[in-house]
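To start, the structure under review is shown below, and the notes come after it.
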Amino acid sequence: MAKTMLAVGLAAATLLVFVVVIAMGGALQAGLAPWPGVAVAVLAAAAFAVPRERRSWVVAGLLAASGIVGVVYGLIRTEFLTAISFPGPIFGIILGVPILGLAVAEAVGATKKRDRYQAN
């Protein structure tokens with residue numbers, strides 16, 4: 001149970017870092033690049049890896065929200081990939097898509113766990 005709560009906290013921190021950096025105008029404008037991207041990647045990976053046996057829908061939802069925020073921000077700032085600058089808002093997409101993948105993997109693990117308990 002403690003590992004699940006830690007994973008929820010890490011996933012919430014992932015979303016919080018993404019939202020705060022976006023609210024500050026992006027990592028480059030805030031003078032923080034590349035650290036927020038590194039923090040988001042590490043937090044998301046840790047949220048996925050900590051509860052190996054106990055997958056959670058809450059963690060999956062928070063990771064999905066983080067990934068969606070990153071992708072939507074990147075798409076809006078790059079005008080749907082027509083004005084790509086590197087480094088820049090494209091990192092929202094580069095980080096958001098793998099985080100969405102982690103969210104899907106977490107949700108699949110939570111579903112399999114649920115199915116296993118219903119079979120018994």
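Taking (1) outside any helix (DSSP H, G or I); (2) free of Cβ contacts under 8 Å to residues at least 60 places away in the same chain in turn, Leu102 satisfies each apart from (1).
Among the residues making up the range 107-120, none is at pLDDT 90 or above and in contact with a Ser or Thr (Cβ under 7 Å, 6 or more places away or on another chain).
The values are calculated or read from the model by the stated rules, or taken from the named source; none is laboratory data. Predicted model, so just to flag it, every value in this text is computed and none were measured. Backbone-built Cβ (ideal geometry, glycine too); neighbour counts: all protein chains shown.
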